[in-house]
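Read through the structure below, which is laid out as structure tokens, and then see the notes.
The values are calculated or read from the model by the stated rules, or taken from the named source; none is laboratory data. Source: prediction; values computed, not measured. We place every Cβ from the backbone using ideal geometry, glycine too, and count neighbours over all the protein chains shown.
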Amino acid sequence: MEKLSFDEKSSRNDIISMVRKFCENKNSKDKFIPGETYIPASGKIINEDDIASLVNSSLDMWLTSGRYASEFEKKFPEFLGSKYCSLVNSGSSANLVAITALTSSKLGDRRLKPGDEIITVAAGFPTTITPIIQNKLVPVFVDVNLSTYNIKSEDIEKAVSSKTRAIFLAHTLGNPFNLNKIVEIAEKNNLWIVEDNCDALGSMYDGKYTGTFGHISTYSFYPAHHITMGEGGAVVTKNLELHNIIRSIRDWGRDCICPPGKDNFCGNRFSQQHGELPFGYDHKYVYSHFGYNLKVTDMQAALGVSQLKKLPDFIKTRKENFKRLYEGLNQFEDYLILPQSEKNSDPSWFGFPITLRENNGFNRNDVVKFLEKNKIGTRLLFAGNILKQPLFTENKIEYRVVDNLENTNTIMENTFWIGVWPGIDNQRIEYMIKIFDRMFTHFIKKHDDSNKKI
């Protein structure tokens with residue numbers, strides 16, 4: 001019996017075609033039923049193009065970083081207006097790599113050393129702070145503004161001491177912090193700037209994308225974020241020396257820059273002296289840093305390459321959803337502190353933050369329970385005040401606080417956020433505003449009835 005020849009290209013196309021059809025059927029849009037369909041605070045938009053790209057990568061059977069990772073690492077900094085990108089397995093890993101890179105001996109006198117201070121805020125996500133502690137550095141906490149949720153830039157100078165070496169801040173929920181002021185302070189005091197851009201992909205400040213002002217920026221591609229790889233993140237820089245250190249930290253701490261599956265990329269694999277090793281020791285096994293293995297698989301990267309094409313539309317929708325929510329909720333400003341974008345900025349909002357004003361007769365738990373009961377997803381502003389979290393209260397951690405964290409404590413008590421992600425359409429936005437109206441009518445009546453009894 002004659003053996004049938006295998007046509008890989010044709011077979012691959014058949015598989016991809018079937019995957020597309022499967023996804024088109026599976027992703028047929030469900031009807032929104034007000035009061036029954038849950039509206040998550042965050043989510044992902046995945047279509048047949050994304051899954052086709054992921055499956056196409058899996059058929060290569062190259063399971064570590066490969067051609068798709070290389071493509072993403074080229075196109076992503078081009079989009080931002082930066083130069084170098086290193087994919088990692090999460091935004092948290094991106095933060096770890098960024099801070100650890102600044103401890104490298106290759107940076108000479110500018111390297112971060114144990115006991116050096118890093119200016120940051122306590123109102124945010126824990127993994128902005130974690131790498132500071134892990135590298136035996138000292139976080140210095142400055143309070144934030146209530147309307148922007150970003151650092152009070154007028155207080156940063158107070159935080160600078162003889163030990164200060166860096167500023168590490170997130171653009172809170174996509175709202176850029178005052179980059180002009182922070183760059184000015186950093187240049188004056190010879191400080192590193194690391195931008196945690198995990199929640200702010202597509203945000204702009206003075207006409208440039210956030211993540212391009214500091215020495216290093218970090219990104220997350222978790223499903224809740226602006227684009228997704230499932231799990232994934234990136235570290236971006238314009239500085240070649242920092243880029244090489246970042247790659248070393250990400251790739252086991254090795255000195256070699258050969259990509260996976262390639263040898264002697266530099267042409268000097270067996271012809272160099274390193275440390276006290278024998279001359280010509282294989283460069284692939286020379287280690288300059290205490291590093292990790294934090295790479296992504298090529299399947300994750302393939303999903304990212306596809307998602308990157310949709311990013312401009314995702315950004316546009318987030319901005320539109322934020323605008324519609326703001327216009328609809330503005331009528332409740334007697335009860336709510338609504339978010340304000342930082343001056344000179346154009347945020348690509350991650351969420352819509354809301355702070356309850358004091359003495360309303362109701363509290364945050366009342367509000368979020370009402371919203372959740374009516375199928376509107378809510379989230380707190382992450383750790384609130386991280387100094388009140390068990391990871392600080394149950395451990396002996398060295399840190400410093402500038403003045404007080406009054407607004408940070410208010411955020412811990414009274415702030416939450418709701419979604420603006422692209423899966424929220426006009427019908428859902430209208431429903432959300434309607435529920436806020438119903439909620440305040442309910443609470444005001446309840447408050448009035450209570451006063452009448454008194």
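Some observations on this one:
- Here the helices (runs of 4 or more DSSP H) wholly within the range 318-418 that include at least 2 residues being within 30 Å of residue 161 (Cα to Cα) are 390-393, 406-414.
For every residue, the table says whether it meets (1) over 14 Å from residue 352 (Cα atoms); (2) of a type in the set (A, V, I, L, M).
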{"residue": "272", "(1), (2)": "yes, no"}
{"residue": "301", "(1), (2)": "yes, yes"}
{"residue": "309", "(1), (2)": "yes, no"}
{"residue": "317", "(1), (2)": "no, no"}
{"residue": "325", "(1), (2)": "no, yes"}
{"residue": "339", "(1), (2)": "no, no"}
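- Number of the exception - residue 112 against (1) outside any loop (DSSP other than H, G, I, E, B); (2) of a type outside the set (Lys, Arg); (3) more than 17 Å from the chain's Cα centre (by Cα): (1)
- Residue pairs whose Cβ atoms lie under 7 Å apart, separated by 6 or more positions or on different chains, with the first residue in the range 64-92 and closer than 12 Å to residue 250 by Cβ and the second assigned to a helix (DSSP H, G or I) and of a type in the set (Lys, Arg), are 86/247; 86/250; 88/250.
- Matching option when the condition is outside the structural domain of residue 373 (by TED's automatic domain parsing), without any contact (Cβ under 8 Å) to a residue 60 or more places away in the chain, buried (at least 24 other Cβ atoms within 10 Å of the Cβ) and of a type in the set (Ser, Thr, Tyr), among 127, 120: 120
- Restricting attention to the range 191-211, the residues being part of a strand (DSSP E or B), closer than 18 Å to residue 316 by Cα and in contact with a helix residue (DSSP H, G or I) (Cβ under 8 Å, 6 or more places away or on another chain) number 2.
A quick yes/no check of all residues on (1) free of Cβ contacts under 8 Å to residues at least 12 places away in the same chain; (2) under 19 Å from the mean Cα position of the chain (by Cα):
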site	(1), (2)
257	no, no
273	yes, no
286	no, no
292	no, no
311	no, yes
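- Exactly one residue out of 136, 181, 188 is among the charged types (D, E, K, R), more than 22 Å from residue 113 (Cβ to Cβ) and either assigned by TED's automatic domain parsing to the domain that holds residue 77 or outside any strand (DSSP E or B) (or both): that is 181.
- Residue match in the range 418-430 (condition: within 30 Å of residue 152 (Cβ to Cβ), among the small types (Gly, Ala, Ser) and modelled with pLDDT of 90 or more): yes
- Within the range 149-178, the set of residues being part of a loop (DSSP other than H, G, I, E, B), of a type in the set (Ser, Thr, Tyr) and either surrounded by fewer than 20 Cβ atoms within 10 Å (Cβ to Cβ) or more than 17 Å from the chain's Cα centre (by Cα) (or both) comprises 161, 162.
- Long-range neighbours under 7 Å by Cβ, at least six apart or interchain, first residue without any contact (Cβ under 8 Å) to a residue 60 or more places away in the chain within the range 346-370, second part of a helix (DSSP H, G or I) and crowded, with 19+ Cβ neighbours inside 10 Å: 356/367; 356/414; 364/414
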